[in-house]
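In what follows, a single structure is set out as structure tokens and then discussed.
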Amino acid sequence: MTVIQGENLTKSYGKTLALDNLTFQIEENKLTGLIGRNGAGKTTLLKLIAGYLKPSRGEINVFSHNPFDSLQVSANIIFIDNHMAFPTAFSLDDILTEVAHYYQNWNAKLAHGLFDYFSFNPKQRHGSLSKGNQSTFNMIIGLAARCPLTIFDEPTSGMDSAVRKDFYRALLKDYLEYPRTIILSSHLLSEVEDILEDILLLRDGTKCLHQSVLELKEYALGLKGPKQTVLERLKGQEILHTEEFAQGSLYAVIKNQGLTSQQFLKHEDLELLPVSLEDLCIYLTGNAKGGIDHVFKQ
Ligand SMILES: Nc1ncnc2c1ncn2[C@@H]1O[C@H](COP(=O)(O)OP(=O)(O)OP(=O)(O)O)[C@@H](O)[C@H]1O
């Protein structure tokens, strides 16, 4: 079943075009990573899905409804980001008690288990938590709510690396036990790629690609060797990235068009290297100016 369907989705803020003609769909019970550079339109897209914003053009349907001001949709969604605010009079314990009434699938055992594991003080106020602890507390709510559509917008902001690892582990374990549709926006692709099933990559408000992580791992090949040898091998290939190194060597990333490694390894000077998902996404969403090296060449 399709949970989210966007058709020619466009969102402008005045003259700024944040999303441009985006068409995509997300199926039920998938864990999707929403990836893109700063300003690519991730938060805008998540807010359109959650019904916080109206599209300027195009259509968005969530559970077959327009999410804007839809009670039906909001009852089935939780949106976790680092702007969550709670009544200042509430302690953390009060918040957990109150939010439990909102979410049909709320799991108090999970909420309290995580709350104790992360050593929260039940009497503390949300506003007095450190930035990382606020994110951790928000994440507990996002997981324990077990909403059919769970949206995490940069959920690990401020968390230290140990807490981030615990969060990804908890997310994966709970997702495997209670499958649901989860979208996770993140800049830290290397940290999340092992738990994601699909990646929706945005570039300047447009869809760059939407594929499974397994497909993406086969998407590109890296070649390194003497510049002239690499250049010869690049003929007819779709080049995604090139980088020069000392002593005349060149590293090139090409689209894997079903080529066997043998074709490239005939030349013994040539090294075939895997391309990480993080690097691939950087190359696919890079600007055309030749990267940071370009600044130093001017
Ligand atoms: N309320 C707003 N008013 C005007 N422009 C906005 C507003 N919100 C976002 N934008 C612009 O829309 C574009 C997309 O922003 P958005 O926050 O969706 O990107 P993002 O991918 O989430 O970025 P980041 O990774 O930096 O959080 C940016 O150019 C941003 O400046």
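Cβ-Cβ contacts under 7 Å between residues 6 or more apart (or on different chains), taken from a first residue in the stretch 144-156 that is more than 16 Å from residue 188 (Cα to Cα) to a second residue that is hydrophobic (A, V, I, L, M, F, W, C) and within 16 Å of the ligand (Cβ to nearest atom), are listed as 151/46; 151/49; 151/50; 151/79; 151/80; 151/183. Residues that are in contact with a Ser or Thr (Cβ under 7 Å, 6 or more places away or on another chain) and not in a loop (DSSP other than H, G, I, E, B) within the stretch 74-102 comprise just one, 78.
Taken over the stretch 197-219, the criterion of being within 12 Å of residue 35 (Cβ to Cβ) and touching a residue at least 60 places away in the same chain (Cβ under 8 Å) is satisfied by 198, 199, 200, 201, 202, 203, 207, 208, 209, 210, 213, 216. Identification of strands (runs of 3 or more DSSP E) wholly contained in the stretch 1-73 with 1 or more residues that are within 10 Å of the ligand (Cβ to nearest atom) yields 2-13, 16-27, 31-36.
Filtering 43, 16, 88 for residues that are of a type in the set (S, T, N, Q), buried (at least 16 other Cβ atoms within 10 Å of the Cβ) and either closer than 20 Å to residue 153 by Cβ or in the same structural domain as residue 152 (by TED's automatic domain parsing) (or both) leaves a single hit, 43. Restricting attention to the stretch 74-99 and to residues that are of a type in the set (Ser, Thr, Tyr) and under 15 Å from residue 125 (Cβ atoms), the residue that is farthest from the ligand (Cβ to nearest atom) turns out to be 97. Inside the stretch 21-40, residues that are closer than 23 Å to residue 282 by Cβ, surrounded by fewer than 20 Cβ atoms within 10 Å (Cβ to Cβ) and of a type outside the set (Gly, Ala, Ser) make up a count of 3. Take residue 110 and decide whether it is farther than 26 Å from residue 2 by Cα, in contact (Cβ under 8 Å) with a residue 40 or more places away in the chain and assigned by TED's automatic domain parsing to the domain that holds residue 26. Yes; evaluated as a whole, the condition is true for this residue. Across the stretch 109-121, a minimum of one residue is classified as at negative phi and among the charged types (D, E, K, R). If only residues of the stretch 103-124 that are in a loop (DSSP other than H, G, I, E, B) and within 29 Å of the chain's Cα centre (by Cα) are counted, the one that is surrounded by the most Cβ atoms within 10 Å (Cβ to Cβ) is 120.
The values are calculated or read from the model by the stated rules, or taken from the named source; none is laboratory data. These figures come from a predicted structure and were not determined experimentally. All Cβ positions, even for glycine, are placed from backbone atoms using ideal geometry, and neighbour counts span all protein chains on display.
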